[in-house]
Structures are given as C-alpha cells and as structure tokens.
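What follows is calculated from the coordinates using simple rules that are stated; it is not laboratory data. Just so you know, these numbers come straight off a predicted model, no measurement behind them. Here Cβ is always computed from backbone atoms with ideal geometry, including for glycine, and neighbour counts include all displayed protein chains.
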2 protein chains.
Amino acid sequence: MHRIENELAPDPTTRLAVIDTDSGFVTVLAKRAEAAGWLLRTSGGAVPPDQLVAMKLNALLVDPAVLGDEAWRYLDRVCSLLPDLGVVVCTGRSTVAQRVRGLRLGVDDWITKPSHPEEAIARIEAVTRRHRRGRHETESSPVLAGELEIRPDRFQAFVSGESLDLTRREFELLHLLAGTQGQVLERETIYQRVWGYAMAHGDRSVDVFIRKLRQKLEKRSPDWEYIHTHFGVGYRFDPEPSADAVPTAPPAPAEASSNDRSSQVVHKSFTAA
Amino acid sequence: MHRIENELAPDPTTRLAVIDTDSGFVTVLAKRAEAAGWLLRTSGGAVPPDQLVAMKLNALLVDPAVLGDEAWRYLDRVCSLLPDLGVVVCTGRSTVAQRVRGLRLGVDDWITKPSHPEEAIARIEAVTRRHRRGRHETESSPVLAGELEIRPDRFQAFVSGESLDLTRREFELLHLLAGTQGQVLERETIYQRVWGYAMAHGDRSVDVFIRKLRQKLEKRSPDWEYIHTHFGVGYRFDPEPSADAVPTAPPAPAEASSNDRSSQVVHKSFTAA
DNA sequence: AACACTTGTGAAAAACCTGTAAACAACGGT
DNA sequence: ACCGTTGTTTACAGGTTTTTCACAAGTGTT
C-alpha cells in the first residue's frame, strides 16, 4: 500500500534532559520536543550524575554557563560515568580550544547560541541516532505488567515462562500499549506508532489486532484484564485482576496477586512537565 | 580500484576518507591525521558508495560543494548504505535549513569553514568514538555452544574436533549469532553486522546462508538444533537437543550440556493452571 | 424506542515470509 | 584461459500473517 512516511515520532521514546536557564530557548525546544513525542525534563542547574542515570536518558543538552566553575569537571564526570548518553553542549561564545577540549572529554556535539532550535533538535537526533546504533539496537529491557513479561529481545511476551505466541504486529502493539500504561491512546496514534505511517480513514486494523491480543492474553492469563476500551476514543492498557477471578480457589492459580495497580506506574514519573 | 590496504588486521586505527578540493585545509588535516596514526585517503570528487564499503572506513569528511548537484542524493545514499559510517560535512556557508536537512539525512556533524583543523579532527573523533564503542570486539576467544566449538582464531567451527568446513561468510554469520545467544536478531541487523553495510530491500542472502549453516550444522551435529526462525522477525541462536534425539546412546553425545546461559528450563512457578 | 454511530467478531482474500533449489556471477589459483 | 569454490540472485511452493469485509452487538442521543 501507500505509505505516507511521517517524520513524526519514528522513535517513540527519546528521553532528553536540558540544563539551561535561557527560558525562551528552552520553551521553544520543549514545544518541538513534545511534538516529536520525546520525553523532556528541564533543569536550571547541575543535575547529579546519579540522577541522570535514574532518568534513563538518551540525550543531555547542557549550557556550561549555568554550571559555573564546576563545568569542566561536571562534563567530565557525566561523560565518563554515562558513556551511552548523548551529550550536546550549547554555549554562548566559545573558543576553538574550549570546543576541542569538550569534544575530547566525551561531549558529542557542541553548538553555539544563538542557535536555531530546529538545528539543536536535529543535532540531538543525530547524536542519539548514532548512540542507538552503537548499543544493541533493540531496546531490550523487559517490561512487567500483571502476569505478563514482555521481552523485546525475543519479540515475545510470556506468562510464567510460557509464550503467548504473538506475531510481530501483535507484539509491537502490545509493547506500545504496555509502554504507555494507564494512558488512553487513540487509534490514529496507535496506528501511527505501530504501523509507522498514517492510518487511512475507516481502517479497522487496530480493532482487529486488539481483539487478537485480547484472545491470546485471555488464553494465557485468564484472570487479568489488560486492555480497556474507551468508547469513541481508543484503548488503554492497564493490567488488573478480573472482577470475576476466583480470589481463593482449590485449583488455586493464586501465585499472581502480588501485582497491584499502584506498583505498575513506574515509568510515568519522568514526565514531570 | 584503489583501496586502503590491509583488511586483515582488526585495525584499531581510524580510517578516514576526505572528499574536498581545498588543498590547504586538506594538507593540514592530513598532517594532523597522520600524527594521530590514522589511515587517510583523500579524493577531489565523489567516491562511489561501493568503493567506500570496500575501504572499511570509520569516518568520512566531505565538502558537498565538490559534489555539485548530486550532493544531497550522494549524502543520502552514503548515509543509508553505511549507517555505521561517521559522516561529517564541512561547507563554506550554509543555512540552518541545509544543516537540518543534512543531519536528518543521516549526517553526524556539520561544520563550516573556515574551521580550525583541530576542531575538525576533534569532531571526527567524537563521531567515531560513539561508533567504536558499540562495535562488538572481534573476540578471538573460543565460544562453546551445544556440541559446537567456535574458534575465531581459525575462522572455523568444530564438533568434537571435526571441522564444519564453513566458508568465511558462513563462519562470520555463525559467530555473530553465537555471540548473541538467546536474542532474536532481525535480518537487517544480521546483514548490517556481517556484511558491513545496509541490506537492500528484498535481499535473501541471510536466509540462504542460514540454510547453508543449518545444513553443515546438521551434518556434524544431527541431534541439536541451533538456529530458530522467528517468523516476520529474524533468527535466534539457541542450542538445544532435538526432540527426536536418541536420549541414551552408546556413542553418547551426552557430554555437552555445559552451556546454560539461555536457560531453556523456564522457571514455571507452581501455577497449576 | 428509534436512530446514528462505534466496537466486537468471524471468515475470506490478499499480501507477505521462509525454505529450498538451482542458475548465475565473482574470485583465486593453476 | 580453465576450473573449482564461494557468494549472490532468482524463482517457486507452501505456509503464516495481515488486511478487508459484512454483520452482530453495544453505546449514547434524541
């Protein structure tokens, strides 16, 4: 079919932190980043490296001016502590010597203000792109949800070790949903992210795949409900034990239980917009 | 066909090609590059992408001015064919739009003349640094998998001392797979890593080599299955004894078993479902 | 209650993927 | 230039997945 290559959000989760006090610049940047579907966090001062680790960032944009005397030391620490993080420095004036020093330290790109936000974004993209290629392509950290274990490295989901036998599309749909737990996603959004291009009007593919997913989930994990329909809107992924599940039972599949709604929330803490 | 020589060595040095006619700039750069021990090749005009492949470059510095009208097309082709190549563009004047376009295309950095050679070098370094990190080390230590012994020092695999008679490609494919045991690798990834450049759409080389590998594996190690197909995705290497293998045998192939990194024995918790 | 619209469902059709074999091209050595 | 080996391309059969479609069932509104 026709694919309307949409440049928007081919990568669902770029996590960027900005350390800068130039509010005008940051605002524009934030708008652009949001449009691209990035997760953004801004700070007006140095963020301790261990906090950066906790944020699981892909890229960091920093103006050393806000770091004061500690700037070089800070950059050095960050770069050597987080070799997988893309670091872009954005300064007012700078000398060749400074830039060379920074780049040698481990900074990936160094741009100077006034800088067009679009270019900053493009450079951050370039840096993270390179980065992603370096480290093993696929985002391979498993996701847990209800009884489910979603393993990107196998393109498959499991319940207590048993595969759901998902096809590729099914897996990608599930992975997307699980990655945005608790959020209602519209069909258009889902289609765009999973299929990679814009959904044609009247296309029911998403519904069909949701059904297939529900079937396979039901088969392996009968006592949980994962995908909820929001009439007129879309779908929401949120694992919860079925109302009609046998709480105590002789053929007790009791082992589950431990997992309750509040504990799933893990991810969302990042978007402290 | 000129080529930077000596493909045999693992080659820790940076291999850089420069496409530019600014002899002054190039000369200084060359001096600096030589001092750093880099292998350098310069050209006054576009170098066909397949020649770039043969050069096994780490980085390419190019002034689009010498490419004329073809510049964008050329950059696009090079970047998509060689996603692992660090590409730095170096122009006279340029607009934000041009730089953004370039970076989006896959260019890693874009600097403008007049540029201090030291900075150019530093940026090329930054661009290749990323890349090198991800590059899996050409380990020469033997790998054990099922009944297999894979010996990179011989470019060959053995079963109880007997060679599988793998060709070079076959060996590299097997080595890659064995090095990522348990993970599903997509064809594109496999091709990229083994062949060194991007897979053309519709290329079946990977499948064909998988079959050859399977044949040779079957011949020497009939009771094991090594390569698993994941429909719509790719292949996964995970040695496991065939279902139909003779469990007890006088010429007992029992000896294997050492390898359990990919624990087939999934922990089925007492879910008496 | 009737209506317009949205969503669930099952099955057929179309598209796609993989294993296989064989032809073809490129290369290296004699 | 010839020949065997290695790597690439192509064609096809058989199977799997994805898309499409018609209709049933459900939801919210007038």
Are there chymotrypsin sites (Phe, Trp or Tyr not before Pro) in segment A:210-243 that DSSP puts in a loop and that have at most 11 other Cβ atoms within 10 Å, and which ones?
-> A:Phe231
What chymotrypsin sites (Phe, Trp or Tyr not before Pro) does segment A:95-194 have in DSSP loop regions with at most 13 other beta carbons within 10 Å?
-> none
Which whole-Hz couplings ³J(HN,Hα) result when phi for each residue of segment B:45-52 is put into the Karplus expression 6.51 cos²θ - 1.76 cosθ + 1.60, θ = phi - 60°, listed in order with x for Gly and Pro?
-> x, 4, 10, x, x, 5, 5, 4
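If you take each beta carbon of peptide A:82-91 and count the beta carbons of other chains within 10 angstrom, what is the mean? Don't skip to the end; give the middle numbers.
Working: counts 0, 3, 3, 0, 1, 1, 0, 0, 0, 0.
Neighbouring Cβ atoms belonging to other protein chains average 1 per residue here.
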Two-decimal ratio, segment B:163-234, of alpha-carbon radius of gyration to 2.2 N^0.38 Å | 1.07
If N is the residue count of segment A:13-147, its Cα Rg over 2.2 N^0.38 Å rounds to 1.04
Within 10 Å of each Cβ of B:94-106, how many other protein chain Cβ atoms are there on average?
-> 4
Computed over segment B:142-184, Cα set: Rg, Dmax in Å | 9.7, 29
Formal net charge of residues neighbouring A:Ala33 (Cβ-Cβ distance under 11 Å; K, R +1; D, E -1) | +2
In cubic angstrom, how much convex hull volume per residue do the alpha carbon atoms of segment B:94-198 span?
-> 135 Å³
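May I ask you to order A:19-32, B:194-207 by the average number of other C-beta atoms within 10 Å around their residues, highest value first?
A:19-32, B:194-207
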